[in-house]
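First comes the structure, then the notes that go with it.
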Amino acid sequence: MTARSLWYVGGDACELRDCSVPVVGPGEVLVVATHGAVSRGTESLVLRGGVPPSEHTRMRCPFMEGDFNYPCKYGYCSVGFVAEAGKGAEPLLGRHVFCLFPHQDRYVVRMEAVHALPEGTPPSRAVLTPNLETAVNIVWDSKLSVGDRLAVVGAGVVGCLVAYVASRVADVSVLLSDSGAHALS
């Protein structure tokens, strides 16, 4: 079986490449990707060749192929459904899952690498999982307390999620602002 994957190849360019997909073994699943997301910050940095050599190891993603000197298959926002399940992974068959996998239309991974979506979670929204994790960590690391006031500058995906988490979970007053936009509170 073959799949199609996105590779960063240098010079601000990407290519779609065919690759082989292994046969599903025990404890493994075949995921058919239905939704993905490109990180505007991290993946733009990878595309431009801007990942400093000192960060190459830390910024590697699970299942990444190649390296930051190009070519590399990078990404970490994949949602799809389990089309095949090996022995022991049968409960995942047919389920929508999230996986930290590069941009590829189908792939085989160990069942532990996927996370079944909770019932009712739209797959198109589940690709925001890494962004939401970042927002939660920002709020936790900020040590906000009830009654605090917070200004979030930058109304991108992460900024909006930080504002949401801070206002709903930490119960603080939030001002969200972005260049060229009106402040929202």
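The values are calculated or read from the model by the stated rules, or taken from the named source; none is laboratory data. These numbers were taken from a predicted model, which means no experiment stands behind them. Cβ placement follows ideal geometry from the backbone for every residue including glycine, while neighbour counts extend to all protein chains displayed.
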Discussion item. If I filter the range 110-120 for residues that are small (Gly, Ala, Ser) and within 30 Å of SER20 (Cβ to Cβ), do I get at least one hit?
Written reply: yes
Practice prompt. Considering every residue within the range 15-30, establish whether at least one is at negative phi, in a strand (DSSP E or B) and touching a helix residue (DSSP H, G or I) at 6+ places or on another chain (Cβ under 6 Å).
Written response: yes
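Tell me whether the range 135-144 contains one or more residues that are surrounded by fewer than 19 Cβ atoms within 10 Å (Cβ to Cβ), assigned to a loop (DSSP other than H, G, I, E, B) and at pLDDT below 95.
Yes, that holds for at least one residue.
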Worksheet item: How many residues, within the range 114-134, are assigned to a helix (DSSP H, G or I) and touching a His at 6+ places or on another chain (Cβ under 6 Å)?
Response: 2
Discussion item. Take the conditions outside any strand (DSSP E or B) and surrounded by fewer than 20 Cβ atoms within 10 Å (Cβ to Cβ) and apply them to THR34. Does it pass?
Written reply: no
Worksheet item: In this structure, is GLU43 of a type in the set (Asp, Glu), within 27 Å of GLY156 (Cα to Cα) and either in contact (Cβ under 8 Å) with a residue 12 or more places away in the chain or out of contact with any Leu (no Cβ under 9 Å at 6 or more places or on another chain) (or both)?
Response: yes
Discussion item. I need a count of the residues in the range 155-169 that are loosely packed, with under 15 Cβ neighbours inside 10 Å and assigned to a loop (DSSP other than H, G, I, E, B).
Written reply: 2
Practice prompt. Name the single residue, out of those in the range 50-108 being aliphatic (A, V, I, L, M), in a strand (DSSP E or B) and without any contact (Cβ under 8 Å) to a residue 60 or more places away in the chain, that is surrounded by the fewest Cβ atoms within 10 Å (Cβ to Cβ).
Written response: ALA83
Worksheet, complete the sentence: When restricted to VAL51, VAL32, the only residue of a type outside the set (Lys, Arg) and closer than 17 Å to GLN104 by Cα is VAL32
